[in-house]
Structures are given as structure tokens and as C-alpha cells.
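Data first, discussion second: the structure below is written as C-alpha cells.
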Amino acid sequence: MSDVGVSEVRCPACEGDVEIDSSTRQFEIVECPDCRSELEVIGLSPMTLALAPEVDEDWGE
Amino acid sequence: MSDVGVSEVRCPACEGDVEIDSSTRQFEIVECPDCRSELEVIGLSPMTLALAPEVDEDWGE
Amino acid sequence: MSDGITVVKCGGAAGVDPAAVCAAVAAESAAGRRPVLVHGASAETTALAGRLGVRLRELTGPGGEVSRHTDAAALEVLVLALAGRVKPALVAEFGRLGVPAAGLTGLDAGLLRARRSTTVRAVVDGREVVVRDDHSGRLTRVDPTLPRLLLDAGLLPVVSPPALGEDGAPVNVNADRVAAALAVSLRAERLVLLTAAPGVLADPYDERSVRRDYRLPPRGVADPAVGGGMTVKLLASRQALEGGVPEVLIADGRSGDAVRQALAGTAGTRIA
Amino acid sequence: MSDGITVVKCGGAAGVDPAAVCAAVAAESAAGRRPVLVHGASAETTALAGRLGVRLRELTGPGGEVSRHTDAAALEVLVLALAGRVKPALVAEFGRLGVPAAGLTGLDAGLLRARRSTTVRAVVDGREVVVRDDHSGRLTRVDPTLPRLLLDAGLLPVVSPPALGEDGAPVNVNADRVAAALAVSLRAERLVLLTAAPGVLADPYDERSVRRDYRLPPRGVADPAVGGGMTVKLLASRQALEGGVPEVLIADGRSGDAVRQALAGTAGTRIA
Ligand SMILES: [Zn+2]
Ligand SMILES: [Zn+2]
């Protein structure tokens with residue numbers, strides 16, 4: 001059982017509110033409901049968002 | 001505790017008798033008391049002797 | 001202008017027989033052609049990781065593609081397997097066959113340069129996350145000077161990842177893509193990608209359904225019949241064709257006969 | 001005729017700093033000299049064997065000399081350590097320093113051939129026995145073609161055991177002897193054997209007692225002050241001198257300064 005709470009965090013792109021539930025993990029990607037930016041959870045306490053990095057396409061062996 | 005018995009084996013070089021005690025191990029080098037040949041124990045049961053191979057001098061890394 | 005170089009890529013994957021590949025490639029060399037062998041080490045990496053107690057993790061990309069997560073421990077095992085096990089075995093096998101071969105990794109003399117993907121996206125437990133400890137990346141440059149020097153001296157280059165990263169650390173790069181990029185940069189006449197199947201199959205569950213030819217779609221490689229490890233082979237094929245390699249084959253590496261037929265051009269799937 | 005080649009051998013042994021050796025050798029290369037680096041991997045072999053759960057056994061020769069028993073499992077670990085760990089690390093370090101280097105083992109293109117010692121004598125638990133599963137042996141031939149090709153192309157060869165045996169299987173050979181034989185075959189100007197001591201010591205317990213010169217006795221290397229790993233270095237030195245290498249140094253590999261001084265000829269013991 002995980003305790004699912006919700007916190008509201010400011011979107012770094014549009015300053016809108018993004019709801020993050022407490023089961024979210026570090027480095028997870030979330031989408032801003034207002035501006036549709038992809039955001040990365042770069043810290044959990046306090047909950048901190050940043051614009052998600054671009055995708056690097058290639059994988060190795 | 002090892003049970004130390006002695007067996008007599010024919011020297012392959014001079015046909016003299018070589019005494020081998022039962023603690024002798026496979027591949028051990030023994031010397032013939034008569035002809036001074038170096039002999040290798042190539043089998044334990046039955047105890048079998050052969051002329052020991054020449055020494056290869058070099059070692060690796 | 002072509003000078004008769006054939007780049008052959010062998011797995012990697014369990015099922016591809018290194019001795020069979022060496023025998024067929026050695027015959028190619030004896031016949032006066034100029035083969036270059038590129039290899040991976042996936043089966044050996046898995047085995048060695050198990051013995052070393054290193055857990056190899058997989059990442060699922062956002063598009064569903066599955067790949068190894070090359071964290072620092074996995075990179076160490078990968079380099080051990082590629083350079084310390086598969087390559088010496090292949091080079092010794094060529095030596096036994098009387099074909100002088102020389103092993104190279106991408107670290108040698110700037111052969112393969114890569115840009116490490118410092119951030120990759122993956123799906124872990126259903127959640128998309130950013131992974132920052134991955135040591136794989138994208139080939140940025142191939143310098144054909146050293147393999148060409150060896151070829152001109154009558155030697156058979158045996159090439160594998162890793163590549164050298166911008167910070168001087170090894171970077172895991174895909175060996176099929178290495179083979180394609182090397183074929184382009186050496187202006188090879190042919191690229192032969194060996195795999196544990198007879199080629200591209202019309203029905204993935206029926207090995208008799210091998211296609212003689214496969215035309216890549218204008219974009220992507222999407223075809224419901226083509227999946228798994230074949231996707232990266234098709235991407236590598238496209239890269240080679242677009243780079244001017246006249247002939248690209250995907251063929252069976254599981255037996256000496258199969259490899260000989262592939263090198264003779266009488267088996268496998270020709271990609272166009 | 002000499003063309004300015006210096007063969008530098010680094011351990012192997014714990015205490016010799018690979019980054020320091022690379023920096024000093026890279027500077028040598030930048031100064032227009034032509035270094036060749038030969039390496040062993042004893043510390044890495046021990047570490048890797050521990051992680052793989054492979055027990056490395058030692059053999060005591062009839063004369064009391066102690067050596068590793070290279071059984072099949074030990075050979076596998078040794079090749080992993082030499083070709084899969086130490087060599088990629090050295091080559092990547094040279095890459096980081098902007099010096100194009102290429103890694104070679106004796107398996108490459110017939111570089112080092114050896115005759116495996118199928119039977120060696122050893123003392124086990126006080127009894128002299130014949131050991132038949134040893135995969136070490138004696139160098140029988142060095143082909144300088146490949147390292148010379150690399151040197152002529154401006155590359156720095158990074159060379160190590162194993163050698164290729166007569167049956168096509170890898171054979172463990174001593175890296176100091178590899179360095180000496182390679183120096184002879186390349187007609188090197190200098191052989192520098194780096195170790196975890198400042199050179200040959202007059203008093204083995206006092207590092208300040210380093211000899212500036214050491215004259216080898218007419219036969220053997222017997223000298224009560226010289227023991228352990230120094231013996232094989234002196235045997236290798238004799239081999240190099242008898243083969244026409246004009247200058248042989250045994251010097252400190254434990255710091256960058258020490259290696260630079262050795263390469264400048266201002267530190268270490270000059271063997272004659
Ligand atoms: Zn927003
Ligand atoms: Zn006798």
C-alpha cells in the first residue's frame with residue numbers, strides 16, 4: 001500500500017500548476033496539462049520540476 | 001593420518017627396484033637409487049613409473 | 001570506386017558460430033577478397049555478467065524498444081567480453097587458419113568516436129523516466145585509416161565496440177551500426193550482417209519464408225513481420241545503402257555452409 | 001642502425017601507475033621519439049580472479065622460483081585482464097592525451113609465437129611433480145612487421161601477452177621477456193623496464209641504495225641483493241643486451257616524475 005497524496009508544483013515553462021502524486025519517482029517525466037511541456041522530476045523533497053532533456057536516440061550493443 | 005606403506009616398482013631405465021611409499025602422488029618425480037634417472041609416477045594403481053620429461057624452462061606472466 | 005572490401009558483422013547473439021564465421025571469412029581472404037570482421041559480444045557479456053555477479057538491466061524505450069542499460073558495471077563487463085574474450089578468440093582462430101588478423105576496438109587510434117547519450121528516456125515500471133548513468137551513445141565519426149593500413153598490409157581487421165567518447169571514456173555503440181559506418185567509410189563493396197535467422201522472414205515463425213530481397217520503406221523500418229533484433233539491422237542497412245555501399249545482405253551466421261553461401265551471394269536477404 | 005625506438009615495459013604489478021606511465025610515454029611520443037609500450041596485468045588478474053571465484057595457484061620451481069600456475073581457468077582470466085581491461089584502459093588514456101595508440105596482443109598477425117611448456121616441474125607440498133596443464137611457455141618468434149607498420153604510421157603500439165601457441169591456442173609468456181624480445185626485433189635504441197622500485201638496489205631494504213649501473217655476472221643473475229621479480233627483469237635485460245639493444249634501464253614506474261626521469265635517462269639502473 002502506498003500513501004498517495006498529491007502536491008502542486010509550478011511548471012517551469014508556463015508557471016501553471018502541475019499536480020504530482022506522491023508515488024512519482026525521481027527522474028520521472030510528467031507532462032504539464034497547460035502547456036504540454038515534458039517535465040522531469042529532478043527532486044522529490046521538495047518536489048522540483050525542470051524541462052525534460054531531449055531524447056538521445058541511440059543505444060549501444 | 002596417512003597409511004604409509006611401501007611398494008617396489010621396476011625402474012624403466014635400469015630395471016632396478018625403486019621403493020615408492022604410498023604417500024607418493026601422481027606426477028611426482030622420484031629418483032632411481034641405482035641409475036639416478038629421474039622418474040615420474042604416471043599411475044598410482046598399479047604404481048607405474050616412466051622417465052620424467054625434460055624441464056621446460058620458461059614461465060609466463 | 002570500390003576496392004573489393006566486404007564488411008562482415010557477426011554476433012553477438014547466441015547461435016552464431018564464431019568458428020564457422022572465421023572459416024568462411026578466412027576463405028574469402030584466401031580468395032583475394034578483402035574482408036573486415038565486425039563483432040559484438042552479447043551472449044558472452046551475459047555469461048560473464050552472471051559469473052561476476054553483475055546484474056544487467058534492460059531499459060524499455062518510450063517506443064517500446066528494449067535495450068541494455070549500460071551502467072558503469074555493465075560497461076566494464078561489456079569491454080571485458082568484447083576485447084578480452086570474443087576478440088582474442090576470433091583472432092586466435094584466424095591465426096590457427098593461417099590468416100593474419102589484427103584485433104581493434106573503437107578506442108584504437110581514433111577508429112570510432114561517439115557522443116555518449118548522457119540522458120536517455122526509458123519506461124521503468126510503466127513510468128517514463130530520464131536515465132543519466134548510461135554509457136551508450138551514438139557514433140559520430142569513423143576514421144578508416146587504421147583498418148585501411150591493415151588491409152593494405154594484407155591483414156584482416158577484427159573490429160568491435162566500444163568507441164572513444166568525447167571525454168576519453170569508452171562508450172557502448174551498437175555493433176551493427178559500427179559495421180554499417182565502417183563499410184561506408186571504407187567504401188566497401190558489400191556489407192553482410194549475420195544473424196541467427198536465414199534473413200528477413202515474410203513470416204517470423206517460419207524460417208522457410210526468407211525473402212530474397214527486402215525493400216526498405218521510405219521512412220523507418222516498420223513492417224509487422226520484422227521485429228526484435230532485426231530492426232537495428234535494417235536501420236544499419238539503410239545507413240550503409242544511403243552511404244553508398246552497393247550491396248547489403250542480412251544472412252544466416254549459424255553454420256559454415258550458411259556463411260559461405262551468404263558470402264557467395266546465394267543466400268540471405270538482399271536489402272534495397 | 002637505430003631509428004630511435006624506445007620499448008617501455010610497465011606492470012603488471014600493483015604500485016606502477018598506468019596514468020603516470022601513459023603521460024610520460026605520451027610526452028616521449030610528442031617529442032618525436034617512437035615509444036612502444038609493453039604491459040602485463042598481474043594486479044588486475046588477481047583482482048578479476050577473485051571476483052570470478054577462480055583460484056590462482058602458484059608453482060614453486062625446483063630452484064625455488066615462484067610462478068603462477070596458468071591452468072585453463074587462469075589463462076582465461078589472464079587474457080580477460082590483459083586484453084579486456086588493462087589494454088583498453090591504456091589505449092583510452094592515450095586517446096584522452098591525444099596520442100593515437102593501437103592495442104596488440106601476441107595473437108595479432110603472428111606478432112608473438114610461443115612453444116607451450118607442456119610439462120613443467122614444480123614443488124608442491126615439498127614434493128617435486130610434473131605439471132601438465134600449464135598454458136605458459138617460451139617465446140619462439142617475434143614478428144615486428146605489425147608494430148613497425150603502426151610506428152611508421154605514427155601510432156603508438158601497446159603490446160601484451162598472450163602469444164599464439166603452435167596449436168593456435170593462446171600461451172602465457174612473461175611480459176618482461178616480451179619487451180626484451182620486441183626491443184631486439186625492432187632494433188630499439190632503448191629498453192626501459194619499469195617496476196615498483198627505483199631500480200636495482202644494493203640493499204633490497206633501502207630504496208636509497210639504488211645503483212646507477214649494474215653489471216650482469218657472466219652467467220645467471222645471481223646476486224644475494226637481487227631477488228623476487230627483479231630476477232626475470234635481469235634475465236630480460238641480458239637477452240636485450242645480447243640481442244644488440246644499446247641501452248637497458250630498470251627504473252621506477254610509480255610516479256609520473258619517476259617515469260619521466262627514467263625516459264630522460266636521469267634515474268634508474270643502467271644494466272650492462
Ligand atoms: Zn506548463
Ligand atoms: Zn634405474
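Before moving on, here are some points about what is shown:
- Enumeration of residues in the range C:88-108 that are open to solvent by 10 Å² or more (accessible area, probe 1.4 Å) and more than 7 Å from chain D (Cβ to nearest Cβ): C:A89, C:E93, C:L97, C:G98, C:V99
- Among the residues of the range C:146-174, the ones that are assigned to a strand (DSSP E or B), of a type in the set (G, A, S) and open to solvent by 10 Å² or more (accessible area, probe 1.4 Å) come to 0 in all.
- For the range D:185-208, the count of residues that are open to solvent by less than 20 Å² (accessible area, probe 1.4 Å) and more than 28 Å from D:A19 (Cα to Cα) is zero.
- Taken together, the residues in the range C:110-125 that are more than 7 Å from every other protein chain (Cβ to nearest Cβ), open to solvent by less than 70 Å² (accessible area, probe 1.4 Å) and under 18 Å from C:G64 (Cα atoms) amount to 3.
- Boolean, C:T45 is touching a helix residue (DSSP H, G or I) at 6+ places or on another chain (Cβ under 8 Å), of a type outside the set (A, V, I, L, M, F, W, C) and within 7 Å of another protein chain (Cβ to nearest Cβ): no
- Residue ID - nearest to the chain's Cα centre (by Cα), chosen from residues in the range A:10-48 that are within 13 Å of chain C (Cβ to nearest Cβ) and near ligand 1 (Cβ under 9 Å from one of its atoms): A:L39
- Filter result for C:G11 (surrounded by fewer than 16 Cβ atoms within 10 Å (Cβ to Cβ) and either of a type in the set (D, E, K, R) or more than 8 Å from every other protein chain (Cβ to nearest Cβ) (or both)): no
- Odd one out for C:V248, checked against (1) open to solvent by 30 Å² or more (accessible area, probe 1.4 Å); (2) in a strand (DSSP E or B): (1)
- Residue within the range C:132-141 that is within 8 Å of chain D (Cβ to nearest Cβ) and aliphatic (A, V, I, L, M) present: no
- Inside the range D:76-87, residues that are open to solvent by less than 20 Å² (accessible area, probe 1.4 Å) and touching a residue at least 12 places away in the same chain (Cβ under 8 Å) make up a count of 8.
- Verdict on D:R57 being surrounded by fewer than 24 Cβ atoms within 10 Å (Cβ to Cβ) and at the interface with chain C (Cβ under 7 Å from one of its Cβ atoms): no
The values are calculated or read from the model by the stated rules, or taken from the named source; none is laboratory data. Since the structure is predicted, the reported quantities are computational estimates derived from the model, not experimental observations. Glycine also receives a Cβ, built like all others from the backbone with ideal geometry; neighbour counts cover every protein chain displayed. What goes into the accessible areas is simple: the full protein's heavy atoms, side chains included, and nothing from ligands, DNA or RNA. Shrake-Rupley method; radii C 1.70, N 1.55, O 1.52, S 1.80 Å.
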